[in-house]
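Structure first, commentary second.
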Amino acid sequence: MKQFYGTSLSSPLMLGTALYPSPAILADAFVKSGASVATVSVRREAAGDAAGDAFFQLIRKLGVHILPNTAGCHTASEAITTAQMARELFETDWIKLEVIGHADSLQPDPFQLVDAARTLCAEGFKVFPYMTEDLILADRLLDAGCDVLMPWGAPIGTGLGLVNLYGLRALRAAYPDVPMVIDAGLGVPSQAAQALEIGFDAILLNTAVAKAGNPAVMAEAFAKACEAGYLGRYADPMEPRDMAAPSTPVLGKAFLE
Amino acid sequence: MSAPVSFHIHGAGVAGLCVATALVARGAQVSLYDPNGLPDTHCCSWWAGGMLAPFCEGEAAEEPVIRLGQKAASWWQKQGVDVVQKGSLVVALARDKSELTRFARRTEQHQNVDEDGIAALEPDLAGRVRQGLFFETEAHLSPRDALKKLTENLISAGVTISSEVPASNPSSQLIDCRGLSAQDALRDLRGVKGEMLVLHSKDITLSRPVRMLHPRHPLYIVPRGDGIFMLGATQIESSDRTRATVRSVLELLSAAFALHPAFGEAEILEIGVDARPAFPDNLPRIRHHNNIIYANGLFRHGFLLAPALAEMTADYCLTGKQPEVMDEYLG
């Protein structure tokens, strides 16, 4: 598995920490799935002081890598301030950079994203940019100093899976060595398996697990799907073909009628 | 354990008042202490919705909430509190239909209602929402009236409610019902911030709590009568009790406006904020630690679960019966 800014992860599953019925269920989901990274929204929970501390302590106790995010930011400057706050709060220079361009669809704003990424990379942040699957955007983000890319599967919270499969394959093929995480839009485990099968290195989920009837079991299902997808990729799958080819030769088979 | 007959309760929010009520009903001698005096804006239950909706809560809450919450309506009625038994209505706007499907799958005791059904229940929502779920057996109350009623009942039963630090009385058992303030003693207690509004509108009438599902901004509206509506509530992992943010207020008001444009003309009477006391599983607890009995962690279920928590606390205090929500405090 590729490294993320020099860090090897024990699992390709990254989980968000919002929307769970309770912190106890959240913790259970991490334990059952072996997820390696927890994303935490800084903006809303922390309000820049100790008020959110109890929740952060619970997240810290999970013993996984913490990836703070800038969820809810709509401009580069907001995202930069939030990232700086996150660095102090969590003592990490990892930041999932999210700059929302459209309040309704939560589509990322590619222009503000590149601006923010450039500033943050220059300040020594290790930026995980939440992006669309656009190739030119990928190019600009890598130029800005990002070593990891996080294309969406579908808009946040929709559970639609890998909507633009062609675009995601093209992105993967264009930058085979860049660690890439499918972030947002996954709803069911088979979609995670597909993401790993087509060569993505990790997936990041929140709603699909947190809003499942049984979040812990769903997190486990996603972890297993990631493993299946990863092994499927590693094992070098056959190419699809039009011609049927029986796996048991017909030659020599007894005539029954 | 030999049962003491005299109890000193610290905290006069919904938990403390209910525990006092349950103990007094069983003949125990009770006194209440709260540095802030009688229930008012300083206690988190002041800002509550007052929905007695165990089945709706089952969407996200664990089984004990559904089971124990079913005892609430009759308990409150027994105390002389006005309980409105008109059910709850859960709706979603057309594009959030899938939220309704999910909610229906996760909950029990509801029936599907179509446009006509909704119009029959809430004529002012006719034509605005086309699908909903009706939880006929649920109820609601006015939290402030309920707190006031319990206070009156206790005072007339001879209970003193004092804001002065009481003289220590070794023969009296201390029961700590301080909510979030008990974080100094219960380290796994956390605050979950909630913001709410109170509106006044003469242009719309609702008979029962209406929950509007939305993937990002769910909303409930509880009618208080006389054109008063309570809009709630955000749920943010923070112990902040003072700052209602523009974003939260915008979200709540936008959701209300989407449900009915008449709310656009409503008068804003209050913007409230407080933090709910919660344990990691968001279930309440009774603990006996260092000679103090703690009853806490009602989370967003103050009026729904305080009666059950209070009866279990009283059982434990007077008979030693181990409550199901009791756990060993590991510090």
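The values are calculated or read from the model by the stated rules, or taken from the named source; none is laboratory data. Source: prediction; values computed, not measured. Cβ atoms come from the backbone with ideal geometry, glycine included; neighbour counts cover every protein chain shown. Note: accessible area is taken over every heavy atom of the protein model, side chains too, but ligands, DNA and RNA are not part of it. Shrake-Rupley method; radii C 1.70, N 1.55, O 1.52, S 1.80 Å.
Odds and ends about this structure:
- Checked against (1) open to solvent by less than 30 Å² (accessible area, probe 1.4 Å); (2) of a type in the set (Gly, Ala, Ser); (3) not in a loop (DSSP other than H, G, I, E, B), residue A:35 passes all but condition (3).
One line per residue, one yes/no per condition, for (1) buried (at least 21 other Cβ atoms within 10 Å of the Cβ); (2) at pLDDT below 95; (3) under 10 Å from the mean Cα position of the chain (by Cα):
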residue: A:178; (1), (2), (3): no, no, no
residue: A:182; (1), (2), (3): yes, no, yes
residue: A:193; (1), (2), (3): yes, no, no
residue: A:207; (1), (2), (3): no, yes, no
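- Single unsatisfied condition, residue A:79 versus (1) small (Gly, Ala, Ser); (2) away from chain B (no Cβ under 14 Å); (3) closer than 27 Å to residue B:60 by Cβ: (3)
- Count of residues meeting criterion [open to solvent by 30 Å² or more (accessible area, probe 1.4 Å), in contact with a Leu (Cβ under 8 Å, 6 or more places away or on another chain) and under 23 Å from residue A:22 (Cα atoms)] in the stretch B:47-84: 1
- Some residue of the stretch B:124-144 being loosely packed, with under 13 Cβ neighbours inside 10 Å and under 21 Å from residue B:224 (Cα atoms): no
- Scoring residue B:168 on the criteria (1) more than 30 Å from residue B:244 (Cβ to Cβ); (2) touching a residue at least 12 places away in the same chain (Cβ under 8 Å) leaves a single failure, condition (2).
- For beta carbons closer than 6 Å, sequence separation of 6+ or different chains, a first residue in the stretch B:183-207 that is within 14 Å of chain A (Cβ to nearest Cβ) and a second that is part of a helix (DSSP H, G or I), the qualifying pairs are B:189/B:183; B:190/A:54; B:191/B:180; B:195/B:248.
- Only one of B:216, B:247, B:224, B:243 that is farther than 30 Å from residue B:285 by Cβ, outside any helix (DSSP H, G or I) and within 14 Å of chain A (Cβ to nearest Cβ): B:216
- Lone unmet requirement of (1) under 15 Å from residue A:96 (Cβ atoms); (2) at pLDDT below 95; (3) open to solvent by 60 Å² or more (accessible area, probe 1.4 Å) for residue A:147: (2)
- Test: residue in the stretch A:13-20 that is more than 30 Å from residue A:232 (Cα to Cα) and either open to solvent by less than 60 Å² (accessible area, probe 1.4 Å) or away from every other protein chain (no Cβ under 14 Å) (or both): yes
- Condition met for residue B:205 (in contact with a helix residue (DSSP H, G or I) (Cβ under 6 Å, 6 or more places away or on another chain) and not aromatic (Phe, Trp, Tyr)): yes
- Odd one out for residue B:108, checked against (1) outside any helix (DSSP H, G or I); (2) buried (at least 19 other Cβ atoms within 10 Å of the Cβ); (3) within 14 Å of chain A (Cβ to nearest Cβ); (4) not basic (Lys, Arg): (2)
- Taking the stretch B:227-240 as the range and being buried (at least 22 other Cβ atoms within 10 Å of the Cβ), part of a loop (DSSP other than H, G, I, E, B) and more than 14 Å from chain A (Cβ to nearest Cβ) as the test, only B:233 passes.
- Filter result for residue A:92 (more than 9 Å from chain B (Cβ to nearest Cβ), in a loop (DSSP other than H, G, I, E, B) and among the polar types (S, T, N, Q)): yes
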